[in-house]
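None of the figures in this text is laboratory data; all of them are computed from the coordinates on show. None of these values were measured; they are calculated from a predicted model. As a convention, Cβ positions derive from the backbone with ideal geometry for all residues, glycine included, and neighbour counts pool all protein chains shown.
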Amino acid sequence: MGTMEIITRKDFRRLVEGLLGDYTLYGPVEKEGFPAFARIERFSQLRLSRTPTHLSAKEFLFPPRETLLRFDLKNGDVREVVDAQNQAIIGLHPCDIHAVNLLDRVFSYGTPDRNYLARRKRTVIIGTECTPDEYCFCSSLHTMTVDRGFDLFLHETERGFIVRTGTKRGRRLLERYTSATKAEKADLERLERMVERKEKMFRTRLDAEPSQLPLIYRGADSSPVWDRIGRVCYGCGSCNHVCPTCYCFDVKDDITLDLEDATRYRVWDGCTLEDFAKVAGGHNFRKARSARLRHRFNRKFRYLADRFKGLFCVGCGRCSRTCLVRINISEVTNEIIRETKER
Ligand code: SF4
Ligand code: SF4
């Protein structure tokens, strides 16, 4: 794997139309003037977007609501529900693919999550290049480029696309639908220049290396920043829901009124929501919004780093972009870094 080829724009159209025949296809479309992931049914709907989408594509691998079990209470039968189909997601940016790689680790850890893993196995991932906006800071987290987690990765050029192949499945798709030709030295140099140009475009940067962040966050439990942002936070959960690496869910049961059937399902949850840490008896471990925000930021930069060998922020900027009161994860992190340096 890891080969590099060139395809033309006509090839690209043939590839997308081939995917439309073989898979349920998701990709960016234009929605009210903004790029958004949606089901693609015709090539003309696809708008490869260089700027990030408001919502990530995690819903196609980890749906917001998903049935896990069906109970027949009359007979005492329980049936597992695993709803996975062949699907393809096109237009994931490098940070989004890093996020999928993290979700793969989470859902394989301990007892493997059969629903996620079955869906992931049947999902083709095709990455595309991006341009950072003022919220993106992936270059500071080393997630600006990606080497694995995709079947194909397309870098658009004036002539068409430079294609990197990540899996045998990607190779088969390329051979089946395109007349890819081997990339030449000039194409590889062009790709290097594109990466260098992108690196220079970032307006947002963290003032510390990613490897230092778990320790920096460890020393920031009593930082004044938590009370300050806790006072303005709505506790709305939007930052959790747009985040491509937030994976917390709640499990609930629905029982029919005649008590004959029931389903067990999971729904996305979010650690910034008030009920997230509420337990029996009404006690809430993180009633204050400041405590919930501190928890969320620590989950991204500290708590999960040991268990999963990686930070859980990929620098996509979605949480900052979406927050109505402008709580900005890179600004907060830089403030904590500054406090650490001044101590
Ligand atoms: S940080 Fe912003 S998006 Fe997140 S819960 Fe608070 S107000 Fe909502
Ligand atoms: S924490 Fe914010 S910037 Fe980091 S991955 Fe999640 S949404 Fe993106």
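The table below gives the values:
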| quantity | calculated |
| --- | --- |
| For the chain, built as a Gaussian network whose Cα springs stay under 10 Å, the top-fluctuating residue of 270, 219, 235 | 219 |
| Packing-based exposure ordering (other Cβ within 10 Å, fewest first) of 211, 223 | 211, 223 |
| For 258, 187, order by how many other beta-carbon atoms lie within 10 Å, fewest first | 258, 187 |
| Highest-MSF residue in the chain out of 224, 214, 52 [GNM, Cα springs under 10 Å] | 224 |
| Cleavage-rule hits (trypsin sites (Lys or Arg not before Pro)) in region 91-149: DSSP loop, at most 12 neighbouring Cβ within 10 angstrom | 148 |
| Cα gyration tensor category, rounded, prolate or oblate, for region 235-309 with a/c compared to 1.5 | prolate |
| Calculated [θ] (222 nm, deg cm²/dmol) that DSSP helices of n ≥ 4 give over the chain, each run adding -39,500 (n - 2.57) | -10000 deg cm²/dmol |
| Listed residues 281, 127, 230, most fluctuating in the chain (Gaussian network, C-alpha, under 10 Å) | 281 |
| Region 34-112-region 267-343 distance, computed between alpha-carbon centres (Å) | 23 Å |
| At most 12 other Cβ within 10 Å, DSSP loop - chymotrypsin sites (Phe, Trp or Tyr not before Pro), region 271-343 | 285 |
| Residue pairs, from the table 31/341; 58/287; 58/341, whose Cα atoms sit over 32 Å apart | 31/341; 58/341 |
| Hypothetical label at residue 176: residues of region 97-120 whose amide nitrogen lies under 19 Å (7 Å Cα-Cβ projection) | 119-120 |
| Ranked list, fewest to most other Cβ atoms within 10 Å of each Cβ, for 123, 181 | 181, 123 |
| Inter-label distance, nm, simple model (7 Å from Cα along the C-beta direction), residue 341/residue 147 | 3.0 nm |
| Three-way shape label, the chain, alpha-carbon gyration tensor, a/c 1.5 | oblate |
| Shape of region 183-306, Cα gyration tensor, a/c cut at 1.5 | oblate |
| Segment residue 267-residue 189, extension gain: residue separation times 0.36 nm, minus the distance between their alpha carbons | 23.5 nm |
